[in-house]
Amino acid sequence: MSTPHSQPLDLFFSGSVTDKLQRAQTLYGAYGSTLLAVPGIREGLADLDRLLDELRSQMAAMDMGSRCAHCGARPDGGCCSAYMAANTDTILLLINLLGGTQIHTFSGDETSCCFLGPGGCILPIKPMFCLNYNCSHIQESGSAVELAELERRAGSLLTRQTELEGELIRLLVTMGPN
């Protein structure tokens with residue numbers, strides 16, 4: 001049984017990837033400039049950019065780009081599967097839109113992530129599962145110090161991302177998106 005407060009939450013977190021992307025684009029069109037004018041939202045996006053740069057730096061130091069690109073180029077998308085795409089939600093996609101990312105999906109086989117393009121993932125801000133998952137290839141190639149730093153940086157990004165998601169949810173519920 002849904003309550004008056006659970007219905008917006010259901011809209012933010014349920015449905016297909018296509019449904020979630022459509023909702024995020026609708027919310028961005030209706031409320032994007034208003035949200036960006038709210039104190040703290042632009043700062044939150046700037047925090048995410050800074051933390052994302054720090055994570056990317058660690059990933060580059062561990063040569064994860066070539067390793068992950070090789071795996072992602074597999075016909076099934078490797079770790080970047082359709083299951084991973086399903087972990088996106090409307091708010092995460094909205095954060096990417098607010099940050100200036102043009103989001104579209106790529107057609108392909110039904111097993112790979114629809115956000116995985118020729119140059120890799122098009123989403124700078126990724127689902128929690130993507131940020132937290134380190135496959136055996138990453139674990140085996142990194143030293144304990146490198147892996148600990150990777151996890152620390154991913155955790156810092158995810159913490160700030162979750163805080164911004166919560167703030168956006170509170171704002172959107174107040175604004176009454178449909």
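No value in this document is a laboratory result; all are computed from the given coordinates. Please read all numbers here as calculations on a predicted model, not as lab measurements. Note: ideal-geometry Cβ built from the backbone for every residue, glycine included; neighbour counts use all protein chains shown.
Values for this structure:
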read-out: Surface/4 of the Cα convex hull for region 127-178, nm²; value: 4.2
read-out: Debye log10 I(q)/I(0) for region 88-178, one point scatterer per Cα, at q = 0.21 Å⁻¹; value: -1.14
read-out: R0 of 35 Å, Cβ-Cβ distance Ala144-Gln25: FRET efficiency to nearest 0.05; value: 0.25
read-out: On Cα atoms only, tilt of 17-37 relative to the major axis of the chain in degrees; value: 70
read-out: Stretch in the chain that is longest and holds no chymotrypsin sites (Phe, Trp or Tyr not before Pro) that DSSP places in a loop and that have at most 16 other beta carbons within 10 Å; value: 1-105
read-out: Partnerless cysteines, meaning none of the other Cys C-beta atoms lie under 4.7 Å away, in the chain; value: Cys68, Cys71, Cys79, Cys114, Cys121, Cys130, Cys135
read-out: Evaluated over the chain, the Cα radius of gyration and Dmax, each in Å; value: 16.8, 49
